[in-house]
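Working notes, beginning with the structure itself.
The values are calculated or read from the model by the stated rules, or taken from the named source; none is laboratory data. Worth saying up front: this structure is predicted, and the values here are computed from it rather than measured. Every residue, glycine as well, gets a Cβ built from its backbone with ideal geometry; the counts of neighbours run over all protein chains shown.
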């Protein structure tokens, strides 16, 4: 004798989209919170292109080097002679330096920044634009 497992109810044909919209909303929030934010800089420099660039951390002191050799530490202009003093004053609890050097800037300015950062035991990162690396 065959068993009849049917309950006499019709199968549910409507599908609720409420759970799907919840998942999409949660994914949107996740991607917004985990994406890297682009910081807008007040001093315009033409960064060199590299094949691979890594985003800089939020805990850094920004140093801009212009083509004419002028230096800016967190948008405060300074001279190469007083760079270490200015950097020590603005350092706080930050342990890294991000160098935004223009393509046309002299390597001597970069060496001065690296030397001042080394005096304060700070790491140095050079900012670049992602590109072809040419």
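Okay, here's what the table says:
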item	result
So residue 52, is it at pLDDT below 75, part of a loop (DSSP other than H, G, I, E, B), touching a strand residue (DSSP E or B) at 6+ places or on another chain (Cβ under 8 Å) and loosely packed, with under 10 Cβ neighbours inside 10 Å	yes
Members of region 69-107 found to be under 23 Å from residue 129 (Cα atoms), loosely packed, with under 13 Cβ neighbours inside 10 Å and without any contact (Cβ under 8 Å) to a residue 12 or more places away in the chain, listed by number	107
Entirely in region 58-134, the strands (runs of 3 or more DSSP E) that have 1 or more residues that are under 26 Å from residue 35 (Cβ atoms)	61-65, 96-101, 123-126
